[in-house]
Amino acid sequence: MNDTPGWASPGSTSPEGQEPGASGPAEPTDRPGPAQPADQPGQEPQGPGTKWSKEQPPPAQWSAPTGPAAPGQTPPPPPPGPGGWGPPPPGGQGGHHGGYGGPAGHGAWGSGWGGPPPAAKPGVIPLRPLGVGEILDGAVSTMRTYWRTVLGISLTVAVLTEIVVVLLQGLALDSTSTDALNDPEATAGELGRAMRDTMLNTGVVFLVSLVGTVVATALLTTVTSRAVLGRPVTIGEAWRDARPQVPKLFGLILMLLLIAFGIVAVGALPGLFVILAGGDEAGAALTVLGILGAGVVALWLMIRFSLASPALMLEKQGIKKALGRSAKLVRGSWWRVFGIQLLATIIANVVASIVVIPFTFLAAALSGDGVSGFLTGGGDFGWTFLIVSGIGSVIGSMVTFPISAGVTVLLYIDQRIRREALDLELVRAAGARDHGSDATPGS
């Protein structure tokens, strides 16, 4: 019999006279051994120094087998290596010390346990719970992948909105009556009329901008929802899909504005009553505190209802049900939703400001009073200023519209994936059953 590595030959002794593997003291070498049976016919004679047994122990299994196991013999498990997870299950593929091999026909998943297959990604996001970076990247990827549709919608809405704003500011809205706000010698009546005109001008411009924002949000919601499934959509298709819900979206936005202004007004009422009673200083301080407290409540409600717009557009809900859906999806994730939307707003406004501010200074420089008159607030700006600054506003809106709408829609989808396993429905809708469908994304 040949010697097997890792085992000493039976009968050999160590330098101290003890056999390897023996647990007791070594026997004296001069002691006569037990009686040996007589040699059988045809059997090789056994010498006095030979101690081979008829049943030998199996070879040492110190290394992984490199070939197929003999019939009826189970190959030994390999030793655990760094990053390994122990022996493979019965019937699994052996010979890998770093971890499991992949399923049959799919190869190994790496030197260690590589996790389940990646989630399906038919469009701009993977169909699983999303991180902050993936939501922002999804909004930007929608702009980059479907730039013709996204920029076409944003440009059309921004141009139409800005034309109306410029015409109103240049023709209908009187800017000269607001000069009293910068005049220290103005009377109380002049200051009152100036504040009234300023609020009127600001309110009209705000309402016109709100109309454009609502239309852009409605159309871009449809585009983003299609982009998640990897399906392109034209401006006409987006409008046909969004048109039935646009009136409801206007109603939703107006209701949210009324709620916010109503809360702030209620918070300011106690201070106003104190002012009317004659306590000017105390009433002013109470008014400020009331507005701050009411602002916190209004902010909490606005974030709680911030996902009502995509719920209304994509689920074809009514206003009341859309508010309820948003409250349900945001429950328990208020700070996360607030943080992501705040970050997206900051990024969009910073990018837009990089474009708008240079156009504003250029418009002031081309106007009669120059940049100094613009900085002091006493300049009289005409059509040149309105047109040039309006061009900058259009370019800025082309950035803010897609990012704001895209992040809101992707937040809505992410919350539904986390709470309602929407990713499974999206996988089926995208026809991606064979790509990661065995995994459980969103669980």
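Key figures for this structure:
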| read-out | value |
| --- | --- |
| Cβ pairs under 7 Å, 6+ apart, first in segment 278-294 and at positive phi, second assigned to a loop (DSSP other than H, G, I, E, B) and polar (S, T, N, Q) | none |
| Residue match in segment 395-412 (condition: of a type outside the set (A, V, I, L, M), part of a helix (DSSP H, G or I) and modelled with pLDDT under 85) | no |
| Selection count, segment 143-168, where residues are of a type in the set (A, V, I, L, M, F, W, C), at pLDDT 90 or above and within 24 Å of F385 (Cβ to Cβ) | 6 |
| Residue list for segment 217-241, restricted to those being aliphatic (A, V, I, L, M), in a helix (DSSP H, G or I) and surrounded by fewer than 20 Cβ atoms within 10 Å (Cβ to Cβ) | I235 |
| Some residue of segment 333-340 being among the β-branched types (V, I, T), farther than 27 Å from G203 by Cβ and within 27 Å of the chain's Cα centre (by Cα) | yes |
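The values are calculated or read from the model by the stated rules, or taken from the named source; none is laboratory data. Quick caveat: nothing in here was measured; it's all calculated off a predicted structure. With ideal geometry, Cβ positions are generated from the backbone for all residues, glycine too; neighbour counts draw on all protein chains shown.
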